[in-house]
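One structure is given here, and the rest of the page talks about it.
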Amino acid sequence: MTKLLGIISLLFSFSLMAMESRQDFSNYTCTIDNSGELTQFKCLNRTKGDDSAWFLQEGDQAFVKEVEPIIADDIETELRERGVSFLDPLSFTALSFFDVVDSLNRQTLGESNACFQRIAYTSKQFSALPDNHSTIKRLKKLAEALKEAGICKAAIKSDNTSHGIDVKNHDDLLEHFLCISNSESTFGRDNIGIGGRGPWGIHPMHNQPKGTRAYTGGKTVTLKKNQLCYPSKAVVRDSKGREIKESKRYENYEVQVANATCALKLYKQSAYAPWGKGHKWGSNRHCSRSDKNRFKFKKFLKEKACCSKACVAKVKDLI
């Protein structure tokens with residue numbers, strides 16, 4: 001077995017332009033090791049030489065990825081939805097090249113920026129979509145949900161990030177939250193994320209009642225009060241309060257309005273910080289003023305991308 005040339009990326013880097021449905025990853029087999037402080041995912045690609053999905057370098061065949069236990073269930077759900085099969089650790093070790101996976105633990109691989117993350121359109125991919133594309137239809141619906149949630153009346157907060165968000169008025173604010181929905185949910189298509197749920201990535205912890213055991217601040221605590229967005233449909237739950245991790249449930253307009261309302265509550269409380277202040281995580285990284293200009297939301301959405309009458313008058317002239 002040849003030595004691995006480098007760690008395999010966990011970035012789902014395939015193009016969204018190819019198809020609206022999610023790519024099948026049924027060639028992959030993984031197992032989960034919970035024996036350590038961090039949860040460890042060990043995965044193999046059973047098709048040698050296939051570098052179309054998670055590979056950084058041709059010929060890579062396996063990877064080990066350690067994650068915080070709090071996000072492990074979400075990662076497993078995400079991978080299963082994409083066709084990844086899971087084996088118990090004993091069965092997994094029986095696969096012919098498990099020694100390659102295990103050897104990763106003994107190699108000095110250096111720092112890797114690879115991580116599990118949502119798929120998002122690039123501005124080039126988005127601007128190439130036809131007007132009748134399902135993504136544009138979803139985006140129009142999200143704009144309506146934001147307006148119903150009150151975005152056109154929300155107080156304008158100063159930028160507390162390092163990303164040049166440049167929101168000066170309600171038209172800018174609406175555009176910014178449309179941009180956030182790209183990274184959080186692919187404009188409302190993929191609604192079960194690692195850190196959050198629905199179009200604007202609301203973490204379940206913001207939708208929990210007092211008395212709930214919750215992981216926050218690096219430890220598990222019993223909540224002493226209802227959280228910011230409880231009760232609401234910002235996070236979909238069953239009659240017993242258990243979360244329902246089904247992406248389609250978040251395509252319901254009432255749920256989208258609740259998700260948007262919670263997002264605006266977070267914005268009122270903490271400005272843009274809930275979506276990332278720095279460069280390590282968060283949707284704000286992809287929503288600077290220059291980023292939003294390249295997306296040209298008003299070209300597709302016309303007056304639906306506006307709060308003000310001045311904006312409505314301006315977009316009527318857009319082709």
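The values are calculated or read from the model by the stated rules, or taken from the named source; none is laboratory data. All figures in this text were calculated on a predicted structure; none of them were measured in a lab. A quick note on method: Cβ atoms are made from the backbone with ideal geometry, for glycine too, and the neighbour counts reach across all protein chains shown. Only protein heavy atoms, including side chains, enter the accessible area calculation; ligands, DNA and RNA are left aside. Shrake-Rupley method; radii C 1.70, N 1.55, O 1.52, S 1.80 Å.
Net length available on complete extension from ASN27 to LYS314 is 98.3 nm, with 0.36 nm assigned per residue and the Cα-Cα distance removed.
Given a 1.4 Å probe and the protein chains as shown, LYS168 ends up with an accessible area of around 140 Å². Heavy-atom accessible area with a 1.4 Å probe sorts TRP275, TRP281, largest first, into TRP281, TRP275. Rounded to the nearest 20, the size of the Cβ-charge dipole of the stretch 168-319 about its Cα centre is 300 debye, with Lys and Arg at +1 and Asp and Glu at -1. Close amide H contacts of ARG197 (hydrogens built in the peptide plane, cut-off under 5 Å, sequence separation of 5 or more or a different chain): ILE202, HIS203. Rounded to 0.05, the FRET efficiency of the SER134 and ASP88 pair, given R0 = 41 Å and the Cβ-Cβ distance, is 0.60.
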